[in-house]
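A.B. asks: Have a look at this one before I ask anything.
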Amino acid sequence: MQYEDRVDALVAPKGALEMLSQDEMARLSEESGPLHDLFHRCALAILNCGSDSDDPQAIMDEYRDFDIQIIQQERGVKLHLKNAPGSAFVDGKMISSVREMLFSVLRDIIFTHHEYDLEDGLKHASSVKLTNVVFELLRNADVFRRIQNPDLIVCWGGHSIARHEYDYTKRVGHELGLRDLNICTGCGPGAMKGPMKGAAIAHAKQRIKDGVYLGLTEPGIIAAESPNPIVNQLVIMPDIEKRLEAFVRAGHGIVVFPGGAGTAEEILYILGILLHPNNANIPFPLVFTGPKESADYFEQIHAFIGDVLGEEAQNKYQIVIDDDVAVARIMKQGMEEVRAYRKAHQDAFYYNWKLHIPEEFQHPFEPTHDNVRSLNLHFGQEVHLLAADLRRAFSSIVAGNVKAQGVAHIKEFGPFEIHGDKALLAKLDVLLQAFVDQQRMKLPGTAYVPCYKVITD
């Protein structure tokens, strides 16, 4: 399909958007200010949906002439776009899903920076406070209105996956949708798009008109993984830790498809939480799955988890290979168990308050060279704490691969150095090399230069 290369437009929100205060307008309009820059980057990512690039700097360079300004009028807010990507428009009119997501970005950025001091106010916040912040962000985005029963399946997996893996994610999503289950993903391409696409077709077959396709992202990743257009509810969380907590608080079960460092980060996050003694009896269905060609991938993941976190961690999930129906049935049955548990313990269906998340998984980790070098990657500590620092190691690799600030750090100071127990790091190095060999670190066909060094000497 041929699009206009660049489009200028004046866009109004679909529905109502509260008027902005003079202070909010001033901060968003300050072109050299951090809030305007954040909104500019996130808006460009939304408008650039359909892009095949996962290089945020390349996208910024390509659209260096793009500009967005907020215009406040008596009847509400409008956005004035200059040189916006033409793929966001059809015959000069913005695609409805793009318009919705564009104003979701504006809503979330305004609310986050109006309500919270992210730099100082939450730096030493308690675990309870941080859980309430995640709740408030989701409530402000009106997420809970659509969650009436335990039926929201979180689907994790890579943006850089092979075609047969992508097709399998669609088949699983289709089977989930046929069983009246809804989908939440990281909202990008690949394994984040396929389940939504499959579920959307299944919901149409079942005449489900209010299907949920919830996308959770954060500013550091959105430019590299622009939201896919199937998402009908987008939430921009302020950082990766709050994004991950939102997944497990709002979701009722998790399906993990093949992926790279980001998927490993997600796996370690959920396993670290489920391994905490306080969560021993909380039902949380967790399935790793892929087509038959991905069997070796999951064998590697399973072996790494067993070697590093132990058999107890392996018992927290099931591996299902090339059986989309079995995955959906496990999740459907799991929803009954979640429902029964939450009713018995008077926990909400829309937010998993009972799940204990240690502070080690909640406070933002800044992936600097010093912080990466200082990670405690040694045996002999509580297993959930080891999982927490392993999660941070993979999070740093994601930052160095695709996040603008992380990429800039690598360019200036060289690769991150990962230190720790020699035996542990040897296993980590093997797993990471497998991700590189299988082209799971960047989009297929893209030459990958590692942003890390595993120091095993």
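A.B. asks: Residue by residue through segment 196-214, note down the ones that are open to solvent by 10 Å² or more (accessible area, probe 1.4 Å) and aliphatic (A, V, I, L, M).
C.D. replies: Correct list: Ala200, Ile201, Ala204, Ile208.
A.B. asks: Could you check, for segment 284-299, whether at least one of its residues is assigned to a loop (DSSP other than H, G, I, E, B) and among the aliphatic types (A, V, I, L, M)?
C.D. replies: no
A.B. asks: Related question: Quick one: count up the residues across segment 197-218 that are touching a residue at least 40 places away in the same chain (Cβ under 8 Å) and touching a helix residue (DSSP H, G or I) at 6+ places or on another chain (Cβ under 6 Å).
C.D. replies: Counting residues in segment 197-218 that are touching a residue at least 40 places away in the same chain (Cβ under 8 Å) and touching a helix residue (DSSP H, G or I) at 6+ places or on another chain (Cβ under 6 Å) gives 1.
A.B. asks: On to the next question. Could you identify the single residue in Val407, Val398 that is surrounded by 19 or more Cβ atoms within 10 Å (Cβ to Cβ), assigned to a helix (DSSP H, G or I) and in contact with a helix residue (DSSP H, G or I) (Cβ under 7 Å, 6 or more places away or on another chain)?
C.D. replies: Val398
A.B. asks: Related question: Being in contact (Cβ under 8 Å) with a residue 12 or more places away in the chain, over 24 Å from Val287 (Cβ atoms) and either among the small types (Gly, Ala, Ser) or buried (at least 23 other Cβ atoms within 10 Å of the Cβ) (or both): is that true of Ala141 here?
C.D. replies: Judged against the criteria, Ala141 is a match.
A.B. asks: Name every residue in segment 302-343 that is in a helix (DSSP H, G or I), closer than 16 Å to Glu265 by Cα and in contact with a strand residue (DSSP E or B) (Cβ under 7 Å, 6 or more places away or on another chain), in order of residue number.
C.D. replies: His302
A.B. asks: Which residues, counting only those in segment 324-370, are open to solvent by less than 60 Å² (accessible area, probe 1.4 Å) and of a type in the set (D, E, K, R)?
C.D. replies: If the condition is that a residue be open to solvent by less than 60 Å² (accessible area, probe 1.4 Å) and of a type in the set (D, E, K, R), then Asp324, Arg342, Asp347 are the ones that fit.
A.B. asks: Criterion first (without any contact (Cβ under 8 Å) to a residue 24 or more places away in the chain and open to solvent by 10 Å² or more (accessible area, probe 1.4 Å)) does Ala223 satisfy it?
C.D. replies: Judged against the criteria, Ala223 is not a match.
A.B. asks: A further question follows. Would you check if Asn315 is under 19 Å from His384 (Cα atoms), open to solvent by 10 Å² or more (accessible area, probe 1.4 Å), modelled with pLDDT of 95 or more and not charged (D, E, K, R)?
C.D. replies: Answer is yes for this residue.
A.B. asks: Right, another one. Just give me the residues in segment 168-191 being under 28 Å from Pro219 (Cα atoms), open to solvent by 10 Å² or more (accessible area, probe 1.4 Å) and at pLDDT 95 or above, in sequence order.
C.D. replies: Lys170, Asn182
A.B. asks: Name the residue that is nearest to Val372 (Cα to Cα), counting only residues in segment 444-457 that are aliphatic (A, V, I, L, M) and surrounded by fewer than 19 Cβ atoms within 10 Å (Cβ to Cβ).
C.D. replies: Of everything passing the filter in segment 444-457, Ile455 is nearest to Val372 (Cα to Cα).
A.B. asks: Do you know which of the residues in segment 227-244 that are part of a strand (DSSP E or B) and in contact with a Leu (Cβ under 7 Å, 6 or more places away or on another chain) is surrounded by the fewest Cβ atoms within 10 Å (Cβ to Cβ)?
C.D. replies: Applying the filter and picking the extreme gives Gln233.
A.B. asks: Now a separate question. So is Asp37 closer than 22 Å to Ala224 by Cα, part of a loop (DSSP other than H, G, I, E, B) and modelled with pLDDT under 90 or not?
C.D. replies: When the stated conditions are applied, Asp37 does not pass them.
A.B. asks: Turning to a different aspect of this structure: Which of (1) modelled with pLDDT under 90; (2) within 26 Å of Glu218 (Cα to Cα) is the odd one out, the single condition Ile410 does not satisfy?
C.D. replies: If we test Ile410 against (1) modelled with pLDDT under 90; (2) within 26 Å of Glu218 (Cα to Cα), just (1) comes out false.
A.B. asks: Moving on. Select, from Arg373, Arg391, the only residue that is under 30 Å from Thr456 (Cα atoms), touching a Phe, Trp or Tyr at 6+ places or on another chain (Cβ under 7 Å) and either surrounded by fewer than 16 Cβ atoms within 10 Å (Cβ to Cβ) or not small (Gly, Ala, Ser) (or both).
C.D. replies: Arg391
A.B. asks: Quickly run through segment 249-280 and pick out the residues that are more than 16 Å from His384 (Cα to Cα), of a type in the set (A, V, I, L, M, F, W, C) and part of a helix (DSSP H, G or I).
C.D. replies: Hits for segment 249-280 are Ala250, Ala261.
The values are calculated or read from the model by the stated rules, or taken from the named source; none is laboratory data. Everything numeric in this text was worked out from a predicted model, so none of it was measured. Backbone-built Cβ (ideal geometry, glycine too); neighbour counts: all protein chains shown. Just so you know, the surface numbers come from the protein's heavy atoms only, side chains and all, with ligands and any DNA or RNA stripped out. Shrake-Rupley method; radii C 1.70, N 1.55, O 1.52, S 1.80 Å.
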